[in-house]
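Enquirer: Supplied in structure tokens, the structure appears directly below.
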């Protein structure tokens, strides 16, 4: 019997069973046996799907380093290719100094990172093994329906290949209140199947045994969020072909157009996305877009956002645009319809490169995201992202958030400049930094040699 037909019979049996509980004695012994068989058949399907998917799920142990601190984290992954390629989350391998994958055979293998994509929280890693790997069957996440039964498999708290059962609670979810550098562009699948620490990177599977998502994050019981497998598969293919993800960008900041805002702009029924800022030098500025413009169509597709979580749909539209192509935006400006053509540029780096110095502090390059997040005056220099307590930099009163503009007489415009300058002065007894703290310029004198003299034998 086909599973879809089985589900109809199961639901009918379940409702009949419930009615019999409310009306004792109404059901015959034969009907009770039918109902129990339906439950038994459902249980066998869940067990069968679990047994099928578990050989494709791996245990991942990552050693990370933040400043001078090293620590381990546990996660999960899904084997997607017989050559040893494994899908997991970007946040799992971020800042990793080593990655160890344990297969169902209990044999451990070192893994290398093939590529990562911070904006979808996906990473592709690879192991080298002679073992015959079990490959998961991928489904179609566009066909997922709210209320559908699913199974989540992972390694929560280190418990190997744990299975949990639930339903699809929602689709198209956006995770709010994330820091700007961690904002995601996924339309997450929400499930009440348990996604706990250690489950990240494991699969979400329907009762046909098809993977419909890669588990990303859980916010307590009943609130797990999964990356749709169609997005994961697309990212995987791009990482395999080039190792990077190229996304479209036009350089605007946006906010929802609520009913109150629409009324203020003269049309309570107006739907669209409100442009709140234009990034200098961006395609949007070159095209003549202005703060206060309301985008109502993007390349012929209607756009609308009344709440913050609705903005994701427009952001995805732009990010999926081909770099170099021209996109036509229909906008409302001062109540008048107009069209503006914008040439799509490549999205600036989201994740900033970091460099750990030998003087007890770490710096980041100043990307567009860092520039806006810290509300810096310009993009020249490097940002101090970590200061080790009790180290040379801490003693010199260098602070996180400082922007280093000069090392001795060397002007610092970017991370490469900083690395070169530090290499030239690394053996000096004292090193003078010129930093920007807020709007004020300060001098910070590093005394590495004095600390060495004062160290205990």
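Enquirer: What is the fewest-to-most order of 126, 325 by other Cβ atoms lying within 10 Å of their Cβ?
Expert: Going from least to most buried by this count: 325, 126.
Enquirer: Report the extension gain between residue 356 and residue 32 in nm, rounded to one decimal, defined as 0.36 nm multiplied by the number of residues separating them, less their alpha carbon distance.
Expert: Working it through step by step, the gained length comes to 109.8 nm.
Enquirer: Further question: Express in whole angstrom the spacing between the alpha-carbon centres of the range 110-171 and the range 217-248.
Expert: First find each Cα centre; the distance between them is then 10 Å.
Enquirer: Among 36-47, 187-198, how do they line up by average Cβ neighbours within 10 Å per residue, starting with the highest?
Expert: Ranked by mean Cβ neighbours within 10 Å, highest first: 187-198, 36-47.
Enquirer: For the range 56-245, what does the equivalent ellipsoid look like in terms of its semi-axes, each the square root of 5 times an eigenvalue of the Cα gyration tensor, given largest first in whole Å?
Expert: Taking √(5λ) for each Cα gyration eigenvalue gives 23, 19, 17 Å.
Enquirer: Give me the mean projected area, in nm² to one decimal, of the convex hull enclosing the Cα positions of the range 191-340.
Expert: Its average projected convex-hull area is 12.0 nm².
Enquirer: Taking neighbour counts of Cβ atoms within 10 Å as a proxy for exposure, in what order, fewest first, do 345, 134 appear?
Expert: Neighbour counts put them in this order, fewest first: 134, 345.
Enquirer: Please determine, in degrees from 0 to 90 and to the nearest 10, the orientation of helix 3-22 with respect to the longest principal axis defined by the Cα atoms of the chain, where the helix direction is its Cα long axis.
Expert: Taking the Cα atoms of the chain, the angle to 3-22 is about 70 degrees.
Enquirer: How high is the relative contact order of the range 354-453, in percent, with contacts defined as C-alpha pairs under 8 Å that are six or more residues apart?
Expert: That works out to 23 percent.
Enquirer: Need one number: nm distance between label points at residue 408 and residue 338, each 7 Å from Cα along Cα→Cβ, rounded to one decimal.
Expert: Rounded to a tenth, the inter-label distance reads 5.4 nm.
Enquirer: Something else: Order 209-220, 308-319 from most to least packed using the mean count of other Cβ atoms within 10 Å.
Expert: The peptides rank, most packed first, as 209-220, 308-319.
Enquirer: Over the alpha carbons of the range 77-172, what is the largest minus smallest coordinate on each principal axis, giving the biggest first in Å?
Expert: Projected onto its principal axes, the Cα set of the range 77-172 covers 39, 30, 26 Å.
Enquirer: To test your reading of the geometry: what angle, between 0 and 90 degrees and rounded to tens, separates the Cα axis of helix 415-425 from the longest principal axis of the chain?
Expert: So the helix axis and the longest Cα principal axis differ by about 50 degrees.
Enquirer: State, to one decimal in nm, how far the label point of residue 325 lies from the label point of residue 100, with both points 7 Å from Cα in the Cβ direction.
Expert: Once both label points are built, they end up 4.6 nm from each other.
Enquirer: Which Rg and Dmax, in Å, describe the Cα atoms of the chain?
Expert: 27.0, 93
Enquirer: When a footprinting reagent is the concern and you count Cβ atoms within 10 Å, what order do 61, 286 take, fewest first?
Expert: 286, 61
Enquirer: Could you estimate the translational diffusion coefficient of the range 354-453 from the Stokes-Einstein equation, with Rh from the Kirkwood formula over C-alpha pairs, at 37 °C and 0.692 mPa s, in whole µm²/s?
Expert: 246
Enquirer: For n ≥ 4 DSSP H runs only, could you compute -39500 (n - 2.57) per run for the chain, divide by its residues and tell me the 222 nm figure to the nearest 500?
Expert: About -7000 deg cm²/dmol.
Enquirer: Continuing with this model, one more query. What do you get for the angle between helix 29-53 and the principal long axis of the chain? Use alpha-carbon atoms, 0 to 90 degrees, nearest ten.
Expert: The helix 29-53 is inclined about 30 degrees to the chain.
Any read-out appearing in this document is the output of simple, stated calculations on the displayed coordinates, not a laboratory observation. Computed from a predicted structure; not experimentally measured. Positions of Cβ are generated from backbone atoms using ideal geometry, with glycine treated the same way; all protein chains shown enter the neighbour counts.
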